[in-house]
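*Asks:* I have a structure here, written as structure tokens, and I will follow up with some questions on it.
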Amino acid sequence: MIEVKEWRHERERMVKEQIVARGVEDERVLDAMMQVPRHLFVDKVYVHQAYNDYPLSVGHGQTISQPYMVAAMTELLDLKPDDMVLEIGTGSGYQAAILALLCKMVYTVERVSALKEIARERLEKLGFSNVAFLIGDGTLGWPQYAPYDGIIVTAGAPEVPNALIEQLAEKGRLVIPVGSEYFQTLNLVTKQRGRIFRKEFFECTFVPLVGKQGWKE
Ligand code: SAH
């Protein structure tokens with residue numbers, strides 16, 4: 001990624017006061033949050049709020065997640081440099097950029113084509129070459145490149161889509177908010193010797209995951 005020095009001080013504060021203060025410890029995750037210029041992933045009118053402690057609108061009724069949420073979900077994925085990762089819900093492309101710094105390849109699926117196009121341009125400008133984009137229903141995953149070592153869903157699901165469990169590699173980790181349309185609990189699903197384990201973490205609020213194995217349109 002091309003280094004961006006602007007807003008560095010704000011990024012440092014964001015990492016310290018919002019992310020480290022709430023218990024995220026993984027140095028690689030903290031470093032990625034420090035590097036990715038979040039202000040370049042929001043609309044011009046929000047630039048001055050880009051490093052604040054809340055999600056922001058990215059248009060089309062969608063949001064860029066709160067910085068802490070991005071960091072906490074990424075830490076749960078426990079990524080290794082050689083990992084292949086699937087993201088459902090490209091949105092602004094910010095989470096994809098964080099992932100791309102921590103693994104080998106990111107496959108990201110978005111249902112709103114206008115969002116995907118903006119995200120793709122942003123990541124290209126920043127010099128990322130390890131992110132692949134797909135327009136479609138992410139509740140069906142992206143079978144072509146499966147299995148994935150990590151899968152992250154950045155929209156709230158009524159239940160864990162079967163397709164995603166199927167596309168998870170042995171020892172893989174799937175992070176997904178599950179619950180109602182307005183409140184969810186962050187779930188970590190793991191696969192060990194073909195068996196599925198599920199652990200619940202904190203409460204969160206995401207925009208709905210809309211699709212065949214998600215909410216109806
Ligand atoms: N990760 C994003 C935040 C995404 S918000 C970021 O860093 O900015 C959730 C996104 O999920 C929205 O863009 C929404 O359009 C998308 N989405 C919802 N249902 C989807 C589905 N079934 N497949 C793919 N994308 C979906």
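*Asks:* For Tyr148, all conditions in the list (1) open to solvent by 10 Å² or more (accessible area, probe 1.4 Å); (2) in contact (Cβ under 8 Å) with a residue 24 or more places away in the chain; (3) away from the ligand (no atom under 13 Å from the Cβ) hold save one; what is the number of the exception?
*Replies:* (1)
*Asks:* Another question, if that's okay. Any residue that is within 16 Å of the ligand (Cβ to nearest atom), aromatic (Phe, Trp, Tyr), over 18 Å from Leu79 (Cβ atoms) and at pLDDT 95 or above - is there at least one of those in the stretch 203-210? Full working, then the answer.
*Replies:* Start the filter on the stretch 203-210 by keeping residues that are within 16 Å of the ligand (Cβ to nearest atom), which leaves 204-210.
Within this subset, residues satisfying the condition of being aromatic (Phe, Trp, Tyr) are 206.
Restricting the remaining residues to those that are over 18 Å from Leu79 (Cβ atoms) gives 206.
From what is left, the residues that are at pLDDT 95 or above are 206.
So far as the stretch 203-210 goes, yes, one or more of its residues are within 16 Å of the ligand (Cβ to nearest atom), aromatic (Phe, Trp, Tyr), over 18 Å from Leu79 (Cβ atoms) and at pLDDT 95 or above.
*Asks:* Still on this structure: Please specify each residue of the stretch 93-112 satisfying the condition of being open to solvent by less than 30 Å² (accessible area, probe 1.4 Å), of a type outside the set (A, V, I, L, M) and either within 12 Å of the ligand (Cβ to nearest atom) or outside any loop (DSSP other than H, G, I, E, B) (or both).
*Replies:* If the condition is that a residue be open to solvent by less than 30 Å² (accessible area, probe 1.4 Å), of a type outside the set (A, V, I, L, M) and either within 12 Å of the ligand (Cβ to nearest atom) or outside any loop (DSSP other than H, G, I, E, B) (or both), then Gly93, Tyr94, Gln95, Tyr107, Thr108, Glu110 are the ones that fit.
*Asks:* Now for a separate question. Quick check on my filter: what residues within the stretch 113-133 are open to solvent by 50 Å² or more (accessible area, probe 1.4 Å), more than 11 Å from the ligand (Cβ to nearest atom), out of contact with any strand residue (DSSP E or B) (no Cβ under 7 Å at 6 or more places or on another chain) and not polar (S, T, N, Q)?
*Replies:* Just the residues of the stretch 113-133 that are open to solvent by 50 Å² or more (accessible area, probe 1.4 Å), to begin with: 113, 117-118, 120-122, 124-125, 129.
Still in the list and also more than 11 Å from the ligand (Cβ to nearest atom): 117, 120-121, 124-125, 129.
With the extra rule that they be out of contact with any strand residue (DSSP E or B) (no Cβ under 7 Å at 6 or more places or on another chain), the set shrinks to 117, 121, 124-125, 129.
Result: Glu117, Glu121, Glu124, Lys125.
*Asks:* If you don't mind, another one. Among the residues of the stretch 53-65, write down those that are touching a helix residue (DSSP H, G or I) at 6+ places or on another chain (Cβ under 9 Å), in contact (Cβ under 8 Å) with a residue 24 or more places away in the chain and open to solvent by 20 Å² or more (accessible area, probe 1.4 Å).
*Replies:* Scanning the stretch 53-65 gives Asp53, Val58, Gly59, His60, Gln62, Ser65.
*Asks:* Could I ask something else about it? Which number in (1) more than 10 Å from the ligand (Cβ to nearest atom); (2) touching a strand residue (DSSP E or B) at 6+ places or on another chain (Cβ under 7 Å); (3) of a type in the set (S, T, N, Q) marks the one condition that Thr90 misses?
*Replies:* (1)
*Asks:* Could you please tell me which pairs satisfy a Cβ distance under 6 Å, a separation of 6+ or placement on different chains, a first residue in the stretch 1-17 that is of a type outside the set (S, T, N, Q), and a second residue that is assigned to a helix (DSSP H, G or I)?
*Replies:* Trp7/His39; Arg11/Met34; Met14/Pro67; Val15/Leu30; Val15/Met33; Val15/Met34
The values are calculated or read from the model by the stated rules, or taken from the named source; none is laboratory data. Bear in mind that the values here come from a model prediction, so they are computed numbers and not experimental data. Backbone-built Cβ (ideal geometry, glycine too); neighbour counts: all protein chains shown. These accessible areas exclude ligands, DNA and RNA; they are computed on the full protein's heavy atoms, side chains included. Shrake-Rupley method; radii C 1.70, N 1.55, O 1.52, S 1.80 Å.
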